[in-house]
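The structure appears below as structure tokens.
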Amino acid sequence: MLEKFKNHINQKFKFLTESRSIIAVSGGLDSVVLTYLCHELDFNFALAHCNFNLRGNESDEDEIFMVNLANQLNIEIFSESFHTKDYAKLNKLSTQMAARELRYNWFYDLAENLNFNYILTAHHADDNLETFLINLSRGTGINGLTGIPEINDKLVRPLLPFTREEIEEYAKANHLRWREDSSNASDKYLRNKLRHHVIPALKETHPELLVNFKTTLDHLNDTADIVEESLNAVAKRAIDFIDESQIKFKVSEFKKVNNPKAYLFEMFKSYGFTQWTDIVDLLEAQSGKQVLSNSHRLIKDRAHLILTDLTSEASESFLIKANAKEFQTPKGILFFDEADAISQHSSTTIYVDKAGIQFPLIVRKWKDGDVFFPIGMKGKKKLSKYFKDEKFSLVDKENTWLLCSNNDIVWIIGKRADNRFKASRETTEILKITLD
């Protein structure tokens, strides 16, 4: 296996021979074998072991075993102890998910703080099959069926082509010692049920199961590339506007495709949505209809679907003192300068009569009942009517901020100024306000 592993590294992971890596180790068969293989190839690496304190003395003994192995091989080792059950309870996670989150957060912190280039894990071909079956049983899209990636950011999995049987044969042939996790014998978890009962039956029926499975994954990954290319083409046509607060998608582009639900699923699945029938219904819904996930919302607005996150502003209003030269607002930076003459008002620059405004100025969100006197019009206008006339979406309204003097609107920031405060030829103190 060593020669096969060496060839695999030379073909796909040559960069590992010239990098500093962390190997995630538990003390089990797979990570111990990966440690020995990398040691044989003289990689520059350290070990990282997590003690999740879930199996009493057994967890501590795993840690001791790995420290002793590191000392035996003269390899640096980092070990961290976690209160996994407390973390799971605090963050409302399963114990398995809590352990996963804790270990990967710690691995990435180690890599960043100590300048390791990669994090190696000992996932292998049988793990890949188990993950495929778990995703298949729970319902997933094509990405859930393409297997564990060999490279994902800093994560590298150099054992993925190798079977558990090959790994165990190498360990026994080289008289290696490892730790058996007693929890692996339990059928409490779905992965263990598949490992103990389903996969052995499949291998008995199809001795070439893992070879055929690898071929299937290759085909699925090829198909996933085609899907991504098609999705990118639709996204390029559909995205009509994007900024830090929203993404606008043309409804018409989703209606043109043969299977809108499939494209909507692929486009928005990473934002936590699950109500796919409701999202498809948005294409024909009235403006204002929306679907929520835990982190985002999708809103129907006339000819668009608008995607926003659910993060709310930290503050609803701000005060600007009389001597301020610049002020940071949620819409951008406001600059205040004295001017000798009046130029044309624009969406980003207004000229006001400084004697006519009262400090501190207020930057606030709009509210029901707000009115202003738009420059270029006679009389007043409700903001709600202005929004309707300008075809503001729900998101546009929510992201509207006002510059006010004693609660009277001076400027719908970045949009329209108020006639009551504009500078004229008779103005002796002209204040130029610019949004950047």
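The table below lists the values:
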quantity	calculated
For region 2-205, share of DSSP beta bridges that run antiparallel, in % to the nearest 5	10 percent
Virtual spin-label span in nm between residue 355 and residue 188, 7 Å along Cα→Cβ	8.0 nm
Of 434, 275, 339, farthest towards positive along the dipole that unit charges on Lys, Arg, Asp, Glu beta carbons give the chain	339
Cβ charges +1 (Lys, Arg) and -1 (Asp, Glu), total dipole of the chain, debye	2280 debye
Within the chain, percent of DSSP bridges classed antiparallel, to nearest 5	75 percent
Candidate lysines - alpha carbon under 25 Å from residue 255, same-chain residues fewer than 8 apart omitted	236, 269, 289, 300, 391
Alpha-carbon spread of the chain, three principal axes, descending order, Å	96, 51, 41
Computed magnitude of the charge dipole of region 241-309 (debye, nearest 20; Cβ of K, R +1, Cβ of D, E -1)	220 debye
Where Cα atoms sit under 24 Å apart: lysine pairs in region 2-205 separated by 8 or more or lying on different chains	17
Given 13 as the ceiling on other Cβ atoms within 10 Å, longest exposed-site-free region of the chain for GluC sites (Glu not before Pro) in DSSP loops	77-179
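Taken together, the values in this text are just the output of simple stated rules run on the coordinates, not laboratory data. Everything numeric in this text was worked out from a predicted model, so none of it was measured. Glycine also receives a Cβ, built like all others from the backbone with ideal geometry; neighbour counts cover every protein chain displayed.
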